[in-house]
Amino acid sequence: MFMIDIILIIVGLLILILGVLIGVAFLTLLERKVLGYIQIRKGPNKVGLVGMLQPFSDAIKLFTKEQTFPINSNYFSYYFSPIVSFLLSLMLWMLIPYYFNLISFNLGMLFFFCCTSLGVYTVMIAGWSSNSNYALLGGLRSVAQTISYEVSLALILMSCIIMIMDFSLIKFTEYQNMIWLLFIMFPLSMSLFSSIMAETNRTPFDFAEGESELVSGFNVEYSSGGFALIFLAEYSSILFMSMLFVLVYLGGYDMTLFFYLKLVFISFIFIWVRGTLPRYRYDKLMYLCWKSYLPISLNFLLFYMGLKIFLL
């Protein structure tokens, strides 16, 4: 490989990371605006034109605040877990099925499963290393929830993989030229969407930060930069999961405005649900996963396996 190719790949990745960060910044603004209008108020509208510069002022405020460390905390793991969490959520973005830039994952789905599984450890270590009972409790809850929903997420995506018989995300685009998989696999797509919400700790599944009982969950001891990185990781994974949903069920990747509109629409649904639904009870959340989604996804997996064999 020529040096110029390597330089182009690095530049492409840097542009991608910059794009993701700007996307995350404006996703937070969109969320605050939409929640504002749902609650019949304005949302941020002072900094810049109609509040457009609000995310940047928030970022400056968060990263210039004083960083505090609990005396009894495990310093290195406490300090590095938000950084690793953020890096993992950025690594996922390499899975965009580029038509250029020489990055193509033949085993993209496996890479996705590996990265999301590693994300659990950062939450666990962040909760444990703070050496606070509340943070530990929040971390345990969050880890139990994430691991539970990863099972159903993997099984649902396995059904899609069996339909196209490939782990590459580019193949999903080729197979959806005539009809979106959403219409063929509608019940599974809805299950996938709520599993994604549980996976990213969003309302109505945000027990990681159930304020009334856990004082903000595993990130309770974090301030300034550490908190900002956890926050960025969460919103980056929301954007990525929206993109994954569009890739798998809504026609795959094409470099048109319509693709980005679909992406924004799915992200908007995340916010819409947050403004509409109350939080679940924790035991009901676990029942939903193990007694509803797991049997449904297993049955559909067997059904699509049979369908594939029959069609072959």
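The values are calculated or read from the model by the stated rules, or taken from the named source; none is laboratory data. All figures in this text were calculated on a predicted structure; none of them were measured in a lab. Glycine gets a Cβ as well: all are built from the backbone with ideal geometry, and neighbour counts include every protein chain shown.
S216: modelled with pLDDT of 85 or more, within 30 Å of Y134 (Cβ to Cβ), of a type in the set (S, T, N, Q) and in contact with a helix residue (DSSP H, G or I) (Cβ under 9 Å, 6 or more places away or on another chain), yes or no? Spelling it out, it is not the case that S216 is modelled with pLDDT of 85 or more, within 30 Å of Y134 (Cβ to Cβ), of a type in the set (S, T, N, Q) and in contact with a helix residue (DSSP H, G or I) (Cβ under 9 Å, 6 or more places away or on another chain).
Beta carbons closer than 6 Å, at least 6 apart along the sequence or on distinct chains, pair a first residue in the stretch 84-99 that is in contact (Cβ under 8 Å) with a residue 24 or more places away in the chain with a second that is of a type outside the set (A, V, I, L, M, F, W, C) for V84/T122; S85/T122; L88/G119; S89/S236; S89/S237; L95/G108; P97/Y253. Checking each residue in the stretch 247-265 for being surrounded by 13 or more Cβ atoms within 10 Å (Cβ to Cβ) and among the hydroxyl-bearing types (S, T, Y) picks out Y249, Y253, Y260.
Screening Y98 with (1) surrounded by fewer than 20 Cβ atoms within 10 Å (Cβ to Cβ); (2) part of a helix (DSSP H, G or I) gives one miss only, at (2).
From the set of residues in the stretch 30-53 that are of a type outside the set (K, R) and touching a helix residue (DSSP H, G or I) at 6+ places or on another chain (Cβ under 6 Å), which is nearest to L239 (Cα to Cα)? Walk me through how you get there before you give the answer.
Restricting attention to the stretch 30-53, the residues satisfying the condition of being of a type outside the set (K, R) are 30-31, 34-40, 43-45, 47-53.
Pick out the ones that are also touching a helix residue (DSSP H, G or I) at 6+ places or on another chain (Cβ under 6 Å) and you get 31, 34-35, 38, 43-45, 47.
On the way: E31: 12, V34: 16, L35: 17, I38: 21, G43: 21, P44: 21, N45: 23, V47: 24 Å.
Restricting to residues being of a type outside the set (K, R) and touching a helix residue (DSSP H, G or I) at 6+ places or on another chain (Cβ under 6 Å), the top hit is E31.
Being at positive phi and either over 24 Å from the mean Cα position of the chain (by Cα) or not in a helix (DSSP H, G or I) (or both) is a description that does not apply to I71.
This table checks each residue for (1) at pLDDT below 85; (2) surrounded by 17 or more Cβ atoms within 10 Å (Cβ to Cβ); (3) out of contact with any strand residue (DSSP E or B) (no Cβ under 9 Å at 6 or more places or on another chain).
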position	(1), (2), (3)
I7	no, no, yes
V20	no, yes, yes
P55	no, yes, yes
K61	no, no, yes
I71	yes, no, yes
I83	no, no, yes
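Determine whether S132 is touching a residue at least 12 places away in the same chain (Cβ under 8 Å), among the hydroxyl-bearing types (S, T, Y) and surrounded by fewer than 22 Cβ atoms within 10 Å (Cβ to Cβ). So S132 fits the description; yes.
Look at F268 and say whether it is part of a helix (DSSP H, G or I), surrounded by fewer than 22 Cβ atoms within 10 Å (Cβ to Cβ), modelled with pLDDT of 90 or more and not basic (K, R). Yes: the conditions hold for F268.
Every listed requirement among (1) touching a Cys at 6+ places or on another chain (Cβ under 9 Å); (2) under 30 Å from Y78 (Cβ atoms) is met by L192 save one, (2).
Taken over the stretch 55-81, the criterion of being of a type outside the set (G, A, S) and under 15 Å from L232 (Cα atoms) is satisfied by P55, F56, D58, I60, K61, L62, F63, F80. Candidates E66, E31: the one that is charged (D, E, K, R) and modelled with pLDDT of 90 or more is E31. Restricting to the stretch 279-296, count the residues that are under 20 Å from the mean Cα position of the chain (by Cα) and not aliphatic (A, V, I, L, M). Here the count works out to 4.
Report those helices (runs of 4 or more DSSP H) wholly inside the stretch 158-261 carrying at least 3 residues which are closer than 27 Å to Y287 by Cα and in contact (Cβ under 8 Å) with a residue 40 or more places away in the chain.
Working: elements: 169-175, 181-184, 186-199, 211-214, 224-249.
It comes to 186-199, 224-249.
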